[in-house]
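Asks: Supplied in structure tokens, the structure appears directly below.
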Amino acid sequence: MKRARPGIELQVLGSSLRSIAEEMGAVLIRSAFSANIKERRDCSTALFDERGRMIAQAEHIPVHLGALPDAVAAVGALDPGPGEVFILNDPYAGGTHLPDITLVSRTAVGFAATRAHHADVGAAEPGSLPADSRRLDEEGVVIPPTRLDEATLDALTARMRNPDERRGDLRAQLAANRLAARRLDQLCTSRGRELVLAAMDELHAYAERRVRAAIALLPNGRFEATDFLEAGDEDLELHATVTI
């Protein structure tokens, strides 16, 4: 495999990958139907390599991006073929709460992923965030990693409020995933697939070096913090301890 030369070449390829992730987000936001995505921009987009490692992300929702690698891993285990798109929202397969629906698709150099907070996914009450829920399915439709086609799309949206809006938002996510596939094909044509793969590998290694260097600067010791969450009649104390 070719190696991406350090310096300018790696920065050019890294910027190209980041711009694809940003363009995915722009397409998703512009194409969406609901205010959640179109106006609040409660959505995220990212690119992953063949091993399921996140390589480029748009500046969107941190909790989405933190959980996306597990969603990509769950889909990758099913070995999707070229052009196949999988849908999921199951927290036990890399999802967050059920209104966050994720689409993962295969690309020429790995995977593309989009996640968006849908206005409703068929819970006991509108909005799909019932505060008194005790079971996961009370939040709405639970979707394990499932191959997405027209029949699946119709079956899922039929179980949700305002199915036309849900279908429109999911099609916006599909548009973003398809854009990623086209842009990555173009990048591989212009720069060479092996070089793009090598750049992705080096970008991941560079990020690891930066994080390890930052951790090395933290002082040894035991650090504690306490905060409170309003929980009905009394506050719920949250306490964390970190030992370095």
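Asks: Return the residues of segment 195-206 that are of a type in the set (A, V, I, L, M, F, W, C) and surrounded by 14 or more Cβ atoms within 10 Å (Cβ to Cβ); say none if nothing qualifies. So that I can check it myself, show each step before the final result.
Replies: Step one: list which residues in segment 195-206 are of a type in the set (A, V, I, L, M, F, W, C), which gives 195-200, 203, 205.
Selection gives Leu195, Val196, Leu197, Ala198, Ala199, Met200, Leu203.
Asks: Taking segment 172-194 only, how many residues are farther than 17 Å from Ala46 by Cβ and surrounded by 19 or more Cβ atoms within 10 Å (Cβ to Cβ)? Before you say what the answer is, go through the steps one by one.
Replies: First pass over segment 172-194, keeping only residues farther than 17 Å from Ala46 by Cβ: 185-186, 188-194.
Add one more test, that the residue is surrounded by 19 or more Cβ atoms within 10 Å (Cβ to Cβ), and what stays is none.
The total comes to 0.
Asks: Here's a check for you: in segment 147-160, which residue that is surrounded by fewer than 18 Cβ atoms within 10 Å (Cβ to Cβ) and of a type outside the set (A, V, I, L, M) is farthest from Ala112 (Cα to Cα)?
Replies: Ranking the qualifying residues of segment 147-160, first place goes to Arg159.
Asks: Counting just the residues of segment 207-226 that are touching a residue at least 12 places away in the same chain (Cβ under 8 Å) and surrounded by 10 or more Cβ atoms within 10 Å (Cβ to Cβ), which one comes out farthest from His239 (Cα to Cα)?
Replies: Of the residues in segment 207-226, the ones touching a residue at least 12 places away in the same chain (Cβ under 8 Å) are 218-226.
Narrowing further to those that are surrounded by 10 or more Cβ atoms within 10 Å (Cβ to Cβ): 218, 223.
On the way: Leu218: 21, Phe223: 11 Å.
So, considering only residues that are touching a residue at least 12 places away in the same chain (Cβ under 8 Å) and surrounded by 10 or more Cβ atoms within 10 Å (Cβ to Cβ), the one farthest from His239 (Cα to Cα) is Leu218.
Asks: Taking Leu129 as meeting all but one of (1) farther than 17 Å from Leu174 by Cβ; (2) of a type outside the set (S, T, N, Q); (3) over 22 Å from the mean Cα position of the chain (by Cα), write down the number of the exception.
Replies: Leu129 satisfies every listed condition except (3).
Asks: Could we say that Ser133 is in a loop (DSSP other than H, G, I, E, B) and open to solvent by less than 10 Å² (accessible area, probe 1.4 Å) here? First the steps, then the outcome.
Replies: On the way: in a loop (DSSP other than H, G, I, E, B): yes; open to solvent by less than 10 Å² (accessible area, probe 1.4 Å): no.
So Ser133 does not fit the description; no.
Asks: Continuing with the same structure: Just one of (1) in contact with a Phe, Trp or Tyr (Cβ under 9 Å, 6 or more places away or on another chain); (2) open to solvent by 20 Å² or more (accessible area, probe 1.4 Å); (3) of a type in the set (A, V, I, L, M, F, W, C); (4) closer than 26 Å to Glu165 by Cβ trips up Val75, so point out which.
Replies: So Val75 meets the others, but not (2).
The values are calculated or read from the model by the stated rules, or taken from the named source; none is laboratory data. Since the model is a prediction, treat every value here as computed from it, not as a measurement. Don't worry about glycine lacking a Cβ; one is built from the backbone with ideal geometry, like all the others, and counts go over all protein chains shown. These accessible areas exclude ligands, DNA and RNA; they are computed on the full protein's heavy atoms, side chains included. Shrake-Rupley method; radii C 1.70, N 1.55, O 1.52, S 1.80 Å.
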